[in-house]
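Enquirer: Structure provided below as structure tokens; questions to follow.
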Amino acid sequence: MFVALEGADGCGKTTLCAVLAERLGATAYATPPKRYLQMRERVDKNASAEEHYRFYRDGIYDASDEISVILQRGGKVVSDRYWLTTYTYHKVMGVSVPKDDFASIVQPDLTVILALNHDVQIERMLHRGMSVGDRRVLDKQREITEAFYQVVLEFSIPFVVVDTQRFSPDKCADIVVAALG
């Protein structure tokens, strides 16, 4: 079983990933993979939109390989972001993202789009501290949120939407477990 948590910055992906992974006995996995983290801030700060996309796309390819190994060994994975975030963010940033760039990677059994009120989202981002990447797309957060819904419909991705403002992380995990059942 492979569940991907997607959504705009500040909507609770990291928190729900930990809760849901524990609930399901799954590996909590975050993208980009760990070996990309030392380059991430530099890329977020200095790269062109196209270079930024290629960096994150390549991270997703490597993540897919790592997730595939876990799944082949009978494990379960809950991912804090996956290909849908990379695709959606970069489309909003104006990158011409090929529709088939992610066709060959392992696909989630369920994609969970986390949603909340825009003002609460920005408040959460400010409270946790904004990364270079957060600041890069801060003015595009409403557009990013809307684009997630367009993309899951465009690709006919199995998904559920969970409102992280209305429900606690435990209740959000209950909703996802029910959707998996």
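The values are calculated or read from the model by the stated rules, or taken from the named source; none is laboratory data. The shown structure was predicted, so the numbers you read here are calculated from the model rather than taken from an experiment. Methodologically, a virtual Cβ is constructed for each residue, glycine included, from the backbone with ideal geometry; neighbour enumeration extends over all protein chains shown. When the accessible area is computed, the model is the full protein with side chains, heavy atoms only, and any ligands, DNA or RNA have been set aside. Shrake-Rupley method; radii C 1.70, N 1.55, O 1.52, S 1.80 Å.
Enquirer: Out of all the residues in the stretch 1-33, which are under 22 Å from V151 (Cβ atoms), in a helix (DSSP H, G or I) and hydroxyl-bearing (S, T, Y)?
Expert: If the condition is that a residue be under 22 Å from V151 (Cβ atoms), in a helix (DSSP H, G or I) and hydroxyl-bearing (S, T, Y), then T14 is the only one that fits.
Enquirer: If I filter the stretch 41-55 for residues that are in contact with a strand residue (DSSP E or B) (Cβ under 7 Å, 6 or more places away or on another chain) and either charged (D, E, K, R) or closer than 16 Å to I105 by Cα (or both), do I get at least one hit?
Expert: No, the stretch 41-55 contains no residue that is in contact with a strand residue (DSSP E or B) (Cβ under 7 Å, 6 or more places away or on another chain) and either charged (D, E, K, R) or closer than 16 Å to I105 by Cα (or both).
Enquirer: Restricting to the stretch 102-113, count the residues that are open to solvent by less than 50 Å² (accessible area, probe 1.4 Å) and closer than 22 Å to Y53 by Cβ.
Expert: Within the stretch 102-113, residues that are open to solvent by less than 50 Å² (accessible area, probe 1.4 Å) and closer than 22 Å to Y53 by Cβ number 6.
Enquirer: Out of the residues in the stretch 5-27 that are charged (D, E, K, R) and in contact (Cβ under 8 Å) with a residue 12 or more places away in the chain, state the one that is farthest from L71 (Cα to Cα).
Expert: Top of the filtered list is D9.
One line per residue, one yes/no per condition, for (1) assigned to a loop (DSSP other than H, G, I, E, B); (2) modelled with pLDDT of 90 or more; (3) surrounded by 17 or more Cβ atoms within 10 Å (Cβ to Cβ); (4) out of contact with any Gly (no Cβ under 6 Å at 6 or more places or on another chain):
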{"position": "R35", "(1), (2), (3), (4)": "no, yes, no, yes"}
{"position": "H52", "(1), (2), (3), (4)": "no, yes, yes, yes"}
{"position": "G59", "(1), (2), (3), (4)": "no, yes, yes, yes"}
{"position": "D65", "(1), (2), (3), (4)": "no, yes, no, yes"}
{"position": "L71", "(1), (2), (3), (4)": "no, yes, no, yes"}
{"position": "S79", "(1), (2), (3), (4)": "no, yes, yes, yes"}
{"position": "T88", "(1), (2), (3), (4)": "no, yes, yes, yes"}
{"position": "V95", "(1), (2), (3), (4)": "yes, yes, yes, yes"}
{"position": "D100", "(1), (2), (3), (4)": "yes, yes, no, yes"}
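Enquirer: Continuing with this model, one more query. Among residues belonging to the stretch 102-148 that are more than 24 Å from A179 (Cβ to Cβ) and polar (S, T, N, Q), point out the one that is modelled with the lowest pLDDT.
Expert: Once the filter is applied, the top-ranked residue is S131.
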